[in-house]
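Take a look at the structure below.
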Amino acid sequence: MRRLTIQLPGLELKNPIMPASGCFGFGKEYGGLYDLSKLGAIMIKATTVETRLGNPTPRVAETPAGMLNAIGLQNPGLEKVMANELPWLERFDVPIIANVAGTTTEDYVEVAKKISTAPNVKALELNISCPNVKHGGITFGTDPVVARELVEAVKAVSTVPVYVKLSPNVTDIVEIAKAVEAGGADGITMINTLIGMRLDERTGKPVIANGTGGLSGPAVKPVAIRMVYDVYKAVSIPIIGMGGVSCAQDVIDFMSAGASAVAVGTANFVDPFVCPNIIDALPAKLEELGVKHIKEIIGRSHR
Amino acid sequence: MIQQERMIVVRQSEIAHHIFELTLQGQIVQDMNPGQFVHIRVSETFEPLLRRPISIANIDKETGEVTLIYRAEGRGTKLLSQKQVGDEVDVLGPLGNGFSVETAPEGGTALLVGGGIGVPPLYELAKQLNARGIRTIQVFGFATEEVTFYEEQFSTLGDTHFVTVDGTKGTKGFVTDLLEELKPEFDVFYACGPMPMLRALEQFYPNKEGYLSFEERMGCGIGACFACVCKTTDSTDKDYVKVCSDGPVFPKGVVQL
Ligand SMILES: Cc1cc2nc3c(=O)[nH]c(=O)nc-3n(C[C@H](O)[C@H](O)[C@H](O)COP(=O)(O)OP(=O)(O)OC[C@H]3O[C@@H](n4cnc5c(N)ncnc54)[C@H](O)[C@@H]3O)c2cc1C
Ligand SMILES: Cc1cc2nc3c(=O)[nH]c(=O)nc-3n(C[C@H](O)[C@H](O)[C@H](O)COP(=O)(O)O)c2cc1C
Ligand code: FES
């Protein structure tokens, strides 16, 4: 399996496959199904300073080859994540990437400072798709200056490398990617969900109680691939790609476009064993492509 | 233990208008309990993408068969209704916590109340209660006669009453109308059906022990995605519960109705 290893800032990955934040909780449920040590890493559910109860239901709606969600960053809060969730994950030989969220810079700083001290947290993933209450609720990730300042503030306190999760809901994602790189980000994860809406056929009203939701699943893959492709050309920090990954070929596609590793989100709901299945399928894919080590395909679209 | 299994279709038929009875065979049947559900992938493609949660209606551990009863209404359930004998179906289960059969006092009486497509899980429950020597009174509400099912099967288990909104079968109205008239004597009640029905039952029997089964839109079905969260009442120490992994059955008074 040595042919699947990937080294990234803070992360020694056995393989480039990891469940995406929010689609794997804090690992307990999937840990009942298979050995989580098999995974390259785990991106845990967004953690905020306080407990978040999230949005009213319905929170999910199915769409063609995808789904919308408006979970509302529900999580037990920093203290409980530190006391219960992260220690539980220590039984597995797998690096944890902690997804950090908030509504003010201070929130992010507080979560980042504490959560980066957990022994198994090897990197942070800043979820900058959250509304910034001090800037009229506009998301941190849509303004390059705000995004850069946030990264700088978090970098100043984090004891582990900081990855920034880009929102696709922007005019120019490359501009944001460059801004967070300039702010000192160690890597980029992309993409978060695309804002969408589904209407009830009878009432004509949104199906999701929150009105809008984030689109994920196979439907978003072409959008994600294009964005990874463009960002790869513009920055020199590594990218963890995601958006609609459900099989080994999708992983090859993301890595070809420029991702160094790949996260799997929605596909876990469709097939709870999708991550180990992809990991098992990768060597044969490399064989097919005549590639010795998976690293060789990173960015091959550009060569 | 939760497992994923490719179960085999052994029977499938339409038992009422758009209501299908599907029997699947596989190992995971050995772990099933009444009130639990399975999460079914109806297609090998991305259309539709998500699994469909369906309650367990009948468990036969000897033959390794489970029966599901569902309404084929949307895209997913319509595809499921086209599965033929011998086909494989990707099933994740058994999921959730079902009805507690043990809490009913031996020699006592249980009231089972179901609404529409909430009736199926009460069948295995009634069987298991009967097996423990508990009498069951069964009150089921449906929209209209053509969507009613399992009258014969339930009748062999206990007093069975049907109510239809349009009066085409049994009493006309809602289950609560009939309960008001029947004034049944019982020790514990179990219910599965639409929210207004569950709410009405809690108000109807404030001093009785009761168990309610809930429905919510799901993603993962195993507790990881927070899609199916319900608010709890002040009487519990939790802020919320997940229907898929904490439920779908909760003791009366836990979920905010
Ligand atoms: C724990 C549980 C047990 C259930 N048991 C049964 C049963 O025994 N028999 C039965 O007929 N139905 C049951 N349901 C409802 C059943 O899941 C839905 O009718 C079904 O998912 C609808 O799928 P569709 O393809 O027909 O509709 P679509 O409109 O294509 O569904 C679109 C999406 O919405 C979801 N959805 C739609 N309606 C519901 C609903 N009422 N509850 C939850 N999700 C929904 C679907 O799962 C899917 O993700 C149960 C639901 C839950 C949560
Ligand atoms: C139910 C659900 C919850 C999510 N929660 C989070 C979250 O808490 N933090 C985050 O950064 N991304 C979250 N995401 C986004 C995913 O991590 C991922 O970026 C996105 O879904 C695209 O990947 P996919 O198509 O493989 O799902 C969530 C996605 C889903 C479907
Ligand atoms: S459906 Fe995912 S937590 Fe219940």
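For a quick protection proxy, order the peptides B:103-110, A:259-266 by their average other-Cβ count within 10 Å, most packed first.
Taking the mean over residues of other Cβ atoms within 10 Å, the ranking is A:259-266, B:103-110.
For segment B:222-234, what does the Karplus curve 6.51 cos²θ - 1.76 cosθ + 1.60, with θ = phi - 60°, yield as ³J(HN,Hα) per residue in whole Hz, taken in order and with x for Gly and Pro?
Karplus-based 3J(HN,Hα) across segment B:222-234 equals 10, x, 9, 9, 6, 7, 9, 6, 10, 6, 9, 7, 5 Hz.
Here is the link list: A:113/A:155; B:127/B:169; A:113/A:165. Which ones come out longer than 20 Å on Cα distance?
Check vs 20 Å cut-off fails for B:127/B:169.
Out of residues 5 or more away from residue A:264 or on other chains, whose amide H comes under 5 Å of its own, with H placed 1.01 Å from N in the peptide plane?
A:18, A:20
Size of the dipole of segment B:1-147 about the Cα centre, Lys and Arg at +1 and Asp and Glu at -1 on the beta carbon, nothing else charged, in debye to 20?
So the dipole magnitude of segment B:1-147 works out to roughly 200 debye.
Could you state the angle between the C-alpha long axis of helix B:121-131 and the longest principal axis of the C-alpha atoms of chain B, as a value from 0 to 90 degrees rounded to the nearest 10?
70 degrees
Out of residues 5 or more away from residue A:299 or on other chains, whose amide H comes under 5 Å of its own, with H placed 1.01 Å from N in the peptide plane?
Distant-sequence amide H within range of residue A:299: A:256, A:257, A:258, A:259.
Averaged over peptide B:224-236, how many Cβ atoms belonging to another chain are found within 10 Å of each residue's Cβ?
Taking the mean over all residues of the peptide, I get 6.
Counting other Cβ atoms within 10 Å, keep those with at most 13, restrict to DSSP loop, and tell me which GluC sites (Glu not before Pro) in segment A:26-109 are left.
Filter output for segment A:26-109: A:50, A:90.
Run the dipole for the protein assembly as shown about the Cα centre, Lys and Arg Cβ at +1, Asp and Glu Cβ at -1, nothing else charged, and hand back the magnitude in debye, nearest 20.
1520 debye
Find the accessible area per residue for segment A:1-85; the probe is 1.4 Å, ligands and nucleic acids are left out, and the unit is Å².
33 Å²
So for the protein assembly as shown, taking the charge dipole from beta-carbon charges (+1 Lys/Arg, -1 Asp/Glu), which of A:57, B:81, B:97 sits furthest toward the positive end?
The residue sitting most towards the positive pole is A:57.
Summing Lys, Arg as +1 and Asp, Glu as -1, what charge do residues with Cβ under 13 Å from the Cβ of residue B:44 carry, residue B:44 excluded?
-1
Cut-off under 15 Å on the C-alpha distance; same-chain residues fewer than 8 positions from residue A:178 excluded. Which aspartates and glutamates are left, in chain and number order?
Cross-link targets: A:143, A:149, A:152, A:186, A:230.
Which whole-number value in Å² is the accessible area per residue of chain B, probe 1.4 Å?
42 Å²
Give, as a single signed number, the net charge of other residues whose beta carbon lies under 13 Å from the beta carbon of residue A:148, with Lys and Arg counted +1 and Asp and Glu -1.
Net of charged neighbours comes to -3.
For the charge dipole of the protein assembly as shown, defined by +1 on Lys and Arg C-beta atoms and -1 on Asp and Glu C-beta atoms about the Cα centroid, which residue among A:197, A:170, B:67 has the Cα displaced farthest towards the positive pole?
The Cα lying farthest towards the positive end belongs to A:170.
Run lengths n ≥ 4 of DSSP H only: what is the helix-derived mean residue ellipticity at 222 nm for the protein assembly as shown, with -39500 (n - 2.57) per run over all residues, to the nearest 500?
My calculation for the protein assembly as shown gives -6500 deg cm²/dmol from helical runs alone.
Lys and Arg at +1, Asp and Glu at -1: add these up for the other residues within a Cβ distance under 13 Å of residue B:114 and post the number.
Value of the local net charge: -3.
Using the charge dipole of the protein assembly as shown (Lys, Arg: +1 at Cβ; Asp, Glu: -1 at Cβ; taken about the Cα centre), state which of B:189, A:111, A:274 has its Cα farthest towards the positive end.
Of the listed residues, the answer is A:111.
Hey, can you list the residues from segment A:15-47 whose accessible area shrinks by 40 Å² or more with all protein chains present, relative to the chain by itself (probe 1.4 Å, no ligands or nucleic acids)?
Listed in order, they are A:29, A:33.
Taking amide hydrogens as modeled 1.01 Å from N in the peptide plane, which residues meet the under 5 Å criterion relative to residue B:115, leaving out close sequence neighbours?
B:141, B:192, B:193
Note the buried accessible area between B and A here, summed over both chains, with a 1.4 Å probe, in Å² to the nearest 100.
That pair hides around 2500 Å² of surface in total.
Would you list B:123, B:70 from the most to the least accessible area, probe 1.4 Å?
If we order B:123, B:70 from most to least accessible, we get B:123, B:70.
Give me the percent of accessible area attributable to carbon and sulfur for the protein assembly as shown, probe 1.4 angstrom.
Here it works out to 50 percent.
Which of the lysines could a cross-linker span from residue B:252 if the Cα-Cα distance has to be under 21 Å and same-chain partners fewer than 8 positions apart are dropped?
Reachable lysines: B:183, B:208, B:231, B:238, B:242.
Just report the Cα centroid separation between segment A:225-292 and segment B:73-124, whole Å.
Segment A:225-292 and segment B:73-124 have Cα centres spaced 38 Å from each other.
Compute the long axis of helix B:195-204 from its Cα atoms, compare it with the longest principal axis of the Cα atoms of chain B, and write down the angle in degrees, 0 to 90, nearest 10.
On a 0 to 90 degree scale, this one is about 30.
Which residues of segment B:30-65 show a drop of at least 20 Å² in accessible area when all protein chains are present, compared with their chain alone (probe radius 1.4 Å, heavy atoms only, ligands and nucleic acids excluded)?
When all protein chains are present, B:41, B:46, B:47, B:49, B:50, B:51 each give up 20 Å² or more of accessible surface.
In terms of Cα to Cα distance under 28 Å, which lysines are near enough to residue A:292, apart from those fewer than 8 places away along the same chain?
Those lysines meeting the cut-off are A:14, A:38, A:122, A:221, A:233.
Classify chain A: rounded, prolate or oblate, from the alpha-carbon gyration tensor (a ≥ b ≥ c, eigenvalue square roots; a/c under 1.5 rounded; otherwise prolate if a/b is larger than b/c)?
rounded
The values are calculated or read from the model by the stated rules, or taken from the named source; none is laboratory data. These numbers come from a predicted model, not from an experiment. So basically every Cβ, Gly included, is an ideal-geometry build from the backbone, and we count neighbours across all protein chains shown. For accessibility, only protein heavy atoms count, side chains too; no ligands or nucleic acids. Shrake-Rupley method; radii C 1.70, N 1.55, O 1.52, S 1.80 Å.
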